[in-house]
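The values are calculated or read from the model by the stated rules, or taken from the named source; none is laboratory data. All values derive from a computational prediction rather than experimental measurement. Counting neighbours? That spans all protein chains shown, and the Cβs are built from the backbone with ideal geometry, glycine included. SASA here: full protein model, heavy atoms, side chains in, ligands and nucleic acids out. Shrake-Rupley method; radii C 1.70, N 1.55, O 1.52, S 1.80 Å.
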Amino acid sequence: MKDQPRIIELPKIQDPRGNLTFIEENRHVPFEIKRIYYLYDVPGGAIRGGHANRTQKFIIAASGSFDVILDDGFTKQRFHLNRSYLGLYVPPLLWREIDNFSYGSVCLVLCADFYSPDDYIRDYEEFIRIARGEA
Ligand code: TYD
């Protein structure tokens, strides 16, 4: 069966001075972390993503909140991320959009590979063909 997207709860060290969460590769996320990028200063109403990736990702609302919409070529699922200790595991080959960013939110993305344009499928029709096994 194809790997499913899922929310993963990360360790949370509670402290009156402020909470702490950490992430270890192959323990808290099911892959080796090669790259981290983050979205910030996102203007109200913006929509990010609008593509699929060939490699897996792990998305965290490090601050604030937003929604991740995942489309497997047949159905769409919306995940609301609003806790710094929760992450969304995104398996390969899901069309992804991120919207509903709260003011000042930070979207942290852990990646299993270095950046490459070849990791992206940016054409929705092409994605549908691949996702439905027609390509
Ligand atoms: P993109 O992945 O399309 O942004 P999002 O999916 O969050 O809307 O990336 C936007 C631009 O940034 C694109 O020109 C590629 C570039 N980019 C890098 O150079 N390195 C990276 O690690 C990432 C994620 C993007």
### Task
Exactly one condition in (1) of a type outside the set (D, E, K, R); (2) more than 14 Å from the ligand (Cβ to nearest atom); (3) in contact with a Phe, Trp or Tyr (Cβ under 9 Å, 6 or more places away or on another chain) is not met by Leu86; state its number.
(3)
### Task
Mind telling me which of the residues Leu93, Leu70 ends up being on the phi > 0 side of the Ramachandran plot and touching a residue at least 12 places away in the same chain (Cβ under 8 Å)?
Leu93
### Task
Just give me the residues in segment 120-135 being within 14 Å of the ligand (Cβ to nearest atom), in a loop (DSSP other than H, G, I, E, B) and either basic (Lys, Arg) or within 29 Å of Ile23 (Cα to Cα) (or both), in sequence order.
Arg122
### Summary
Just one listed residue, out of Lys57, Lys34, is of a type in the set (D, E, K, R), within 14 Å of the ligand (Cβ to nearest atom) and surrounded by 18 or more Cβ atoms within 10 Å (Cβ to Cβ), and it is Lys57
### Query
Within segment 110-135, how many residues are free of Cβ contacts under 8 Å to residues at least 60 places away in the same chain and within 15 Å of the chain's Cα centre (by Cα)?
0
#### Entry: Matching residues, segment 1-24, being farther than 26 Å from Asp123 by Cβ and open to solvent by 90 Å² or more (accessible area, probe 1.4 Å)
Met1, Arg6, Glu9, Gln14, Pro16, Arg17, Asn19, Leu20
### Task
Give segment 72-87 a look and list any residue that's open to solvent by 100 Å² or more (accessible area, probe 1.4 Å) and charged (D, E, K, R), or say none.
Lys76, Arg78, Arg83
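Conditions (1) part of a strand (DSSP E or B); (2) among the charged types (D, E, K, R); (3) within 9 Å of Ala61 (Cβ to Cβ), marked per residue:
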site: Arg83; (1), (2), (3): no, yes, yes
site: Gly87; (1), (2), (3): yes, no, yes
site: Pro92; (1), (2), (3): no, no, no
site: Glu97; (1), (2), (3): yes, yes, no
site: Gly104; (1), (2), (3): no, no, no
site: Cys107; (1), (2), (3): yes, no, yes
site: Leu110; (1), (2), (3): yes, no, no
site: Phe114; (1), (2), (3): no, no, no
site: Asp118; (1), (2), (3): no, yes, no
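Out of all the residues in segment 95-109, which are open to solvent by less than 10 Å² (accessible area, probe 1.4 Å) and under 11 Å from the mean Cα position of the chain (by Cα)? Write out each step before concluding.
To start, the set of residues in segment 95-109 that are open to solvent by less than 10 Å² (accessible area, probe 1.4 Å) comprises 96, 98, 105, 107, 109.
Of everything in segment 95-109, those that are open to solvent by less than 10 Å² (accessible area, probe 1.4 Å) and under 11 Å from the mean Cα position of the chain (by Cα) turn out to be Arg96, Ile98, Cys107, Val109.
Considering only residues that are open to solvent by 90 Å² or more (accessible area, probe 1.4 Å) and over 30 Å from Arg132 (Cβ atoms), look in segment 37-47 and name the one that is nearest to the ligand (Cβ to nearest atom). Steps first, please.
Taking segment 37-47 as the starting set, the residues that turn out to be open to solvent by 90 Å² or more (accessible area, probe 1.4 Å) are 38, 40-41, 47.
Retained after the next criterion (residues that are over 30 Å from Arg132 (Cβ atoms)): 38, 40-41.
Working: Tyr38: 9, Tyr40: 11, Asp41: 13 Å.
Selected residue: Tyr38.
When you look at Gly50, is it assigned to a loop (DSSP other than H, G, I, E, B) and either open to solvent by 40 Å² or more (accessible area, probe 1.4 Å) or within 11 Å of the ligand (Cβ to nearest atom) (or both), yes or no?
Answer is no for this residue.
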